[in-house]
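The numbers here are math on the coordinates, done by the rules we state, and not lab data. In this text, all values refer to a predicted model and were calculated from it rather than measured experimentally. Virtual Cβ from ideal backbone geometry, glycine too; neighbours counted across all protein chains shown.
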Amino acid sequence: MTAIEHTPPLRSARLRAISQSLHDELEHAVGGHAPFDSLESYGRFLQMQYLFQSELQGLYTDPQLCALFPDLPTRCRADAARADLQDLGLALPTPVPGALQKPSRATALTWIRVSEGSKLGAAILIKRAQALGLSETFGARHLAEPEGGRGRTWKAFNETFDALPFSAAEETEADLAANAAFARIHVLLRHTYADQPEPVKA
């Protein structure tokens, strides 16, 4: 009998499975703060978005990473989030201790992948932002659809990401980074909504 060969899942699929629980917890926490019920709450959500994007901005312009993903600088949303804060007359939030520092290639790309993945959910969020009088050119720039479309740019990123040769150690780094990135976003969310109770887990 011929043994059945099992093809391991793509790296992107493996990381999605590993981080699914934290992703769902974060999604619930964000929803619990009702960021689109008022401009005040949206402002806090926007500050969280800016903090995370600004922490990754250096990765999006890193020459070694840009050699792998030539369009990486144009994918960064830190400047868009900064402009959104200015639109709403909000000050730039003070950096929160604990930002990612000098990550390995595998870790950096995995954190970037988490950021890129959030653009898919932004398709729904931009519609909710419009109900607050915001748009892709005022107050909700960071939620705008990327040039080329959300699905296409996400697929292109993952295709390159999955094709990169990683050592066994780098695969482990990526696994840890997938959860660490979501955990960091949760830290920033708690920071920007610090005077409100943490949403009860479902």
HN-Hα couplings for segment 25-30 via Karplus (6.51, -1.76, 1.60; θ = phi - 60°), in whole Hz with x for Gly/Pro, come out as 5, 5, 4, 5, 5, 4
Under the 7 Å Cα-to-Cβ spin-label approximation, residue 190 and residue 99 lie apart by a distance in nanometres of 2.0
Calc'd 3J(HN,Hα), segment 158-174, phi into Karplus 6.51 cos²θ - 1.76 cosθ + 1.60 (θ = phi - 60°), Hz, glycine/Pro = x, comes to 5, 4, 5, 4, 5, 7, 5, x, 10, 6, 4, 5, 5, 4, 5, 4, 5
Sequence order, segment 97-104: Karplus ³J(HN,Hα) from phi using 6.51 cos²θ - 1.76 cosθ + 1.60, θ = phi - 60°, Hz rounded, Gly and Pro as x, gives x, x, 5, 4, 10, 6, x, 5
Once amide hydrogens are built 1.01 Å from N within the peptide plane, the residues lying 5 or more places from residue 196 or on another chain with amide H under 5 Å from its amide H are none
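Rounded, prolate or oblate for the chain? Axes are the square roots of the Cα gyration tensor eigenvalues, ordered a ≥ b ≥ c, and the cut-off for rounded is a/c under 1.5. Intermediate results must be reported in sequence, preceding the final value.
Numbers: a/c = 1.78, a/b = 1.58, b/c = 1.13.
Prolate.
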Placing each pseudo-label 7 Å from Cα in the direction of the beta carbon, residue 66 and residue 152 end up separated by a distance in nanometres of 2.4
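For the residues 14, 44, what sequence is obtained by ranking on other C-beta atoms within 10 Å, fewest first? Walk me through the intermediate numbers first.
Numbers: 14 16, 44 21.
Sorted ascending by nearby Cβ count, the order is 14, 44.
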Sorted by chain and then number, the residues having a modelled amide H within less than 5 Å of the amide H of residue 140, at least 5 places away or on another chain, are 135
Given unit charges at Cβ for Lys, Arg (+) and Asp, Glu (-), the dipole magnitude of segment 11-192 about its Cα centre in debye, nearest 20, is 60
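Note the full-extension length gain between residue 131 and residue 24 as 0.36 nm times their separation in residues minus their Cα-Cα distance, in nm to one decimal. Could you put the intermediate results ahead of the total?
Details: separation 107, 0.36 × 107 = 38.52 nm, distance 2.47 nm.
That works out to 36.1 nm of additional length.
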